[in-house]
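Every read-out reported here was derived from the displayed coordinates using simple, explicitly stated rules and does not represent laboratory data. On a predicted model such as this, the values are computed, not experimentally measured, just so you know. Methodologically, a virtual Cβ is constructed for each residue, glycine included, from the backbone with ideal geometry; neighbour enumeration extends over all protein chains shown.
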Amino acid sequence: PIATSRFVVQVAGIRDVLCNHLVVGGPLRREHFGRKRRVEKVLKSLINNGELERWGGNVTHQQIHVPSALVGETLGALAQSGVEYNVLTKDLQKDLDQEVVASRNRVRNIFRSSHNMDWTSYHRLADIQNYMDYLAKTFPSVASVGSAGKTIEGRDLRYLKISSGKKNAKKFWVDGGIHAREWAATASAAYVMKELVENRSKYANVLNKVDFYVMPVMNPDGYEYSHTNERMWRKNRRKHSSGCVGADLNRNWGYHWGESGVSKNPCDPQIYAGAKAFSEPESQSIANLITSLKPEGYISFHTYGQYILIPFAFDTVTKPKDFNELRRVALKAQAAMKAVAGETYQVGHTPTLVGAAAGGSDDWAKGVAGAKYAYTFELRPNNDRVGFALPARLITVAAQEALAGVLAVAGEMRVNS
Ligand code: ARG
Ligand code: ZN
């Protein structure tokens, strides 16, 4: 097999809160590895200056976001290096616009005064929180709302408990949106709540032995900011004395904190780990709650890349003792997710698939909170497509895959009688 690599260069010019994009990428064959290194050298100074942003990708795919002012220079460097690249989409703006168009065109049922939630468009925090209140009010025997605490800006860290009231039930924590811009992750967690509550009879087998705790918006301040100001915002909204804003909540958890894959610079736009472990009220309050619950299952939804990631991620070699059991169960989830629409989610040890990074919620859930089945799901799209801007028409199928994966893991849990 030919080892391939791909540079996706995204050309962005700000229009409204969204961006104008051109995405180009291309395969890089083994014999081009020397060239790849040259390209990285050329791009590196720009990336280090914070002008180019590593947008995604994994150990063999590099995806880089280029602001419009640097387009010429960057494309020139790519061309000179001899890297083959092709245009993946001429107008990523279209995908971003679809999110908006979908919500504008949505025919709201004016007779439905109860809630605004659906899975054909992305929703603001208020719609999601109101929907949780609606579920609790309408289905009080299975659903109740709880709060882990408040964000820096005072928003509620709200979760939904879904339980049929069985005594020995195992607990399963599911979350989304710890990274603000990963809207499909939040929508998918909201979909898990919807299905388990509104269609609970379909899932009676699982609900008879497992209680679910779902927090669809782990980073409400960042989530709102990604809707109102900057679509590609990732961190929370901590204000630093330098004037820079935000810490990466998925680098802030207290297990091997700061050991790899982080920045200690508060101005880093993506992976600033915070001043110390659990310096951020969001990660700290949620960790307190999870500690008190002691869930056996923990899954954090992110986007993108289509992976089922198995801890640990804090270095490149350390695996949990029961890694093989986690892998066995992950393969069940993979099969269930593939059955939805034929899409493949790669299963593996996090550092092998996407690289090492310490301070993630999954590592902490596994290493400290004792959640046996702890995973991060990187949902749609895969790396051949266009990143965080999953078109709104694909929310539902992405969410169905996410739910199928959760149910497959829950199905492996055994209740002690
Ligand atoms: N893309 C995710 C992130 O960068 C991957 C998280 C995987 N888990 C981890 N502990 N690094 O946060
Ligand atoms: Zn993420």
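Points worth noting:
- About the Cα centre, charge dipole magnitude for the range 324-411 (Lys/Arg +1, Asp/Glu -1 at Cβ), debye: 180 debye
- Under 11 Å, Cβ to Cβ, from Y272 - net charge with Lys/Arg +1 and Asp/Glu -1: +2
- Ranked by how many other Cβ atoms sit within 10 Å of their own Cβ, fewest first, the residues D268, D363, D322 fall in the order D322, D268, D363.
- FRET E, pair N416, A341, Förster distance 25 Å, beta-carbon r, rounded to 0.05: 0.10
- Here the residues K239, K372, K150, ranked from fewest to most Cβ neighbours within 10 Å of their Cβ, fall in the order K239, K150, K372.
- Farthest toward positive dipole pole in the range 276-336 [+1 Lys/Arg, -1 Asp/Glu at C-beta], among L289, Q334, Q306: Q334
- Trypsin sites (Lys or Arg not before Pro) restricted to the range 159-209 and DSSP loop, no more than 14 other C-beta within 10 Å: K166, K167
- Global form of the range 337-417, assessed from the alpha-carbon gyration tensor, a/c cut-off 1.5: oblate
- Length gained when the stretch T291-T316 is fully extended (0.36 nm per residue, less Cα-Cα span): 6.4 nm
- Counting other Cβ atoms within 10 Å as a rough exposure proxy, the listed residues T151, T303 run T151, T303 from fewest neighbours to most.
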